[in-house]
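Reviewing the structure listed below.
No value in this document is a laboratory result; all are computed from the given coordinates. No experiment lies behind these values; they were computed from the predicted model shown. Cβ coordinates were reconstructed from backbone atoms using ideal geometry, including for glycine residues, and neighbour counts include every protein chain displayed.
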Ligand SMILES: Cc1ncc(COP(=O)(O)O)c(C=O)c1O
């Protein structure tokens, strides 16, 4: 059982002497005071980050004090916008320690937009291979449909049921297979399901064997330093709202120049060409990022990306990393130790049970003394009544979900068959979950909490206290 807030916080502080609670308290008060004012415990940073007040203020001041026109021209207001867009591009490269001679930044709507740019334009053919880890967001899984349409071979590397990590030997074996014409390997630097940090060394290992590498950093970048001078993936998708909350609707594909040049766009749009002709039926695609930014970029939103990155720089990405790691360590330990009166565990974590090579995203169930699983949706609703925002579901990561809950391929097939049989409507996730649960007793649904830029000890303590309200309760009584 937890002690009082003061006792637990003192013990946490003693165990983490480098954790600067005063600086964090000041940051919370100044930039994220609305959390306290509104009684909110925010634990869904992998869903979306939180913005600081100063980001909004600075952005508002910039817009209120300037006149900005569409950037594709040479008048003063257009040039002012162009300057802001280019500042944002430089800020992204600076944040990632990427050499502009090596990397380019294509602004997109979000990480999914960046992934689609790669998927639709990667030169897949019947001679190509697309190698993907089970642990991936659906926007990475979705690239397989472009690959399949081109006749490419799609292979998945499974994660281990025990800790949801990729097996090094299996990855090596896949990378060692005889080379395909073009080959793309896609995996996340950090799992949005389990928080697992997959080894970044695989970028170099795959490249040595002739793969292009897509390293999904959407869940990694908000709390980890990504240094593109030492790890050099070809394609890196990002969503900025995950990193600093605001603006939503802007992401980036950070790509090596050569890798960008390898992509064959399936169309052209305003802003992406140097010249297009109706009569000749020809067009010339603009080089670099310009050839990938369809239409008008979010030129009023992009300065907020620069400001968001400056906000992260002021706090320090390593400081953010150290804080969330310490807090996740406390949570994971509490999860390991929380027991019902008869000694049965209260929590089952999916993925690593400690902070070794993992981030501060934790997927789990709450269990009753008999091992019964508390209804995940009801847990979310009850947490909400306590002002706690957590997330439930499969988090758009079906590979991890299927392994975590030991769902078989046949059970998944049955879901799709059921959809076809019962109605013209496609089968939904909820229907599939119900079908599997009714047929097998497995519960393919998960609770996830994730920490970020403003997380403090109070957040994790309040969650643990809420979860302890399930001690010695039974699922049968959970109505
Ligand atoms: C690892 C990972 N990749 C990609 C995405 C897609 O991001 P977005 O929804 O912003 O396009 C997410 C979103 O949660 C993610 O966690």
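For the chain, what relative contact order do you get, as a whole percent, if you take Cα pairs closer than 8 Å and at least 6 residues apart?
On the way: 882 pairs, mean separation 100.5, N = 479.
Value for the chain: 21 percent.
Using only the alpha-carbon atoms, how far is helix 302-315 inclined from the longest principal axis of the chain? Give it as 0 to 90 degrees, nearest 10.
Tilt of helix 302-315: around 50 degrees.
By count of other Cβ within 10 Å, fewest leading, how are 21, 128, 4, 455 ordered?
Ascending Cβ contact count within 10 Å gives the list 4, 21, 128, 455.
Report, to the nearest 10°, how far helix 376-385 tilts away from the longest principal axis of the Cα atoms in the chain, using its own Cα long axis and a range of 0 to 90°.
The answer is roughly 90 degrees.
Order these by the 10 Å Cβ neighbour count, fewest first: 197, 207. Could the numbers behind the result be given before it?
Values: 197 20, 207 16.
Neighbour counts put them in this order, fewest first: 207, 197.
Once you have a ≥ b ≥ c as the square roots of the Cα gyration tensor eigenvalues for the stretch 295-403, tell me rounded if a/c is under 1.5, and otherwise prolate or oblate according to whether a/b is larger than b/c.
prolate
Compute the angle between helix 21-31 and the longest alpha-carbon principal axis of the chain, please, reported from 0 to 90 degrees and rounded to the nearest 10.
On a 0 to 90 degree scale, this one is about 60.
With a point put 7 Å past each Cα toward its Cβ, work out how far residue 14 is from residue 77 in nm, to one decimal.
It is 6.3 nm.
If we count other beta carbons within 10 Å of each Cβ, what is the order of 307, 412, 243, 1, fewest first?
So the ranking, lowest neighbour count to highest, is 1, 412, 307, 243.
Please report the orientation-averaged projected area of the stretch 399-479, defined via the convex hull of its C-alpha atoms, in nm².
8.1 nm²
For n ≥ 4 DSSP H runs only, could you compute -39500 (n - 2.57) per run for the chain, divide by its residues and tell me the 222 nm figure to the nearest 500?
Only helices count here, giving -12500 deg cm²/dmol.
Can you bin the stretch 60-313 into rounded, prolate or oblate? Criterion: square roots of the alpha carbon gyration tensor eigenvalues sorted a ≥ b ≥ c, rounded for a/c under 1.5, prolate for a/b above b/c, oblate for the rest.
Since a/c reaches 1.5 but b/c is at least a/b, the shape of the stretch 60-313 is classed as oblate.
For the chain, just say rounded, prolate or oblate: build the C-alpha gyration tensor, square-root its eigenvalues into a ≥ b ≥ c, call rounded for a/c under 1.5, and beyond that prolate if a/b exceeds b/c, oblate if not.
Since a/c reaches 1.5 but b/c is at least a/b, the shape of the chain is classed as oblate.
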